[in-house]
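Novice: Structure incoming, see below.
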Amino acid sequence: MTHEYLVIFQYHEPEPRELFERGVIEDYESSTGVLIEAESAEDALSWCEVIAQELLRRVNDDRSLDWKRLGYSCWIEPTPEKCPWGHCLGFFQHVRIGELPNIDAMSTAAYVSWQGGNGAS
């Protein structure tokens, strides 16, 4: 039997990383999430690592980046509606194990666009 897990993960985008390296900002990491249909939480976390790796490489246009080596993590939110991400559940894509979401629709720019179109503040 499968269950849908909200998995949140960290990554970085090039502009905040550059500002961080120049000492302009103190934190450059971003985070986003995906709803993954899986047989277990462990399977969902493992598949999220694949998604996170792809997003990191795509937004930075750098296939050499290694999500795990950079120390990023992912975790399951056990109560999505009540978690800090509850306000943006509509932004998160739904996938199954082995299926990649639309990576281009997961970035900070995509979230800002979604937020504007949904009247979120």
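Only the coordinates and a few stated rules stand behind these numbers; no lab work does. Since the model is a prediction, treat every value here as computed from it, not as a measurement. No Cβ is skipped: glycine too gets one built from the backbone with ideal geometry, and neighbour counts run over all protein chains shown.
Novice: How long are the semi-axes of the ellipsoid equivalent to the range 38-104, from square roots of 5 times the Cα gyration tensor eigenvalues, in whole Å, largest first?
Specialist: 21, 14, 13
Novice: Could you tell me the relative contact order of the chain? Use alpha-carbon pairs under 8 Å, at least six residues apart, and round to a whole percent.
Specialist: Values: 176 pairs, mean separation 36.7, N = 121.
Result for the chain is 30 percent.
Novice: What is the gain in length, in nm to one decimal, between residue 89 and residue 60 on full extension, counting 0.36 nm per residue of separation less the C-alpha to C-alpha distance?
Specialist: Details: separation 29, 0.36 × 29 = 10.44 nm, distance 2.47 nm.
Going from the current span to full extension adds 8.0 nm.
Novice: Report the charge-dipole magnitude of the chain in Debye, nearest 20, computed about the Cα centre from +1 at each Lys and Arg Cβ and -1 at each Asp and Glu Cβ. Present the calculation step by step, with values, prior to reporting the outcome.
Specialist: Values: 9 positive and 21 negative charges, 21 e Å.
Dipole magnitude for the chain comes out near 100 debye.
Novice: So who's got an amide H within less than 5 Å of the one on residue 97, skipping anything under 5 residues away but keeping other chains? H placed 1.01 Å off N, in plane.
Specialist: 37
Novice: Can you give the local net charge around residue 108? Use residues other than it whose beta-carbon is closer than 10 angstrom to its beta-carbon, Lys and Arg +1, Asp and Glu -1. Working shown, then result.
Specialist: Working: positive: none; negative: 13, 15.
After counting each charged neighbour, the total is -2.
Novice: What order do you get for 107-117, 32-42 when each peptide is scored by the mean count of other beta carbon atoms within 10 Å, highest first?
Specialist: Most protected by this proxy first, the peptides run 32-42, 107-117.
Novice: Now a separate question. Where does the charge balance sit around residue 92 when Lys and Arg score +1, Asp and Glu -1, over other residues with C-beta under 13 Å from its C-beta? Mind dumping the intermediate values first?
Specialist: Numbers: positive: none; negative: 4, 37, 77, 81.
That works out to -4.
Novice: Still on this model: Tabulate in residue order the Karplus-calculated ³J(HN,Hα) for the range 79-93, using 6.51 cos²θ - 1.76 cosθ + 1.60 with θ = phi - 60°, rounded to whole Hz; enter x for Gly and Pro.
Specialist: My calculation for the range 79-93 gives 10, x, 5, 9, 7, x, 8, x, 6, 10, 4, x, 6, 6, 7 Hz in order.
Novice: While we're here: For the chain, take every pair of Cα atoms, bin their distances at 5 Å starting from 0, and report each bin as a whole percent.
Specialist: Over the chain, the share of Cα pairs per 5 Å bin runs 2, 11, 20, 23, 21, 14, 7, 2, 0, 0 percent.
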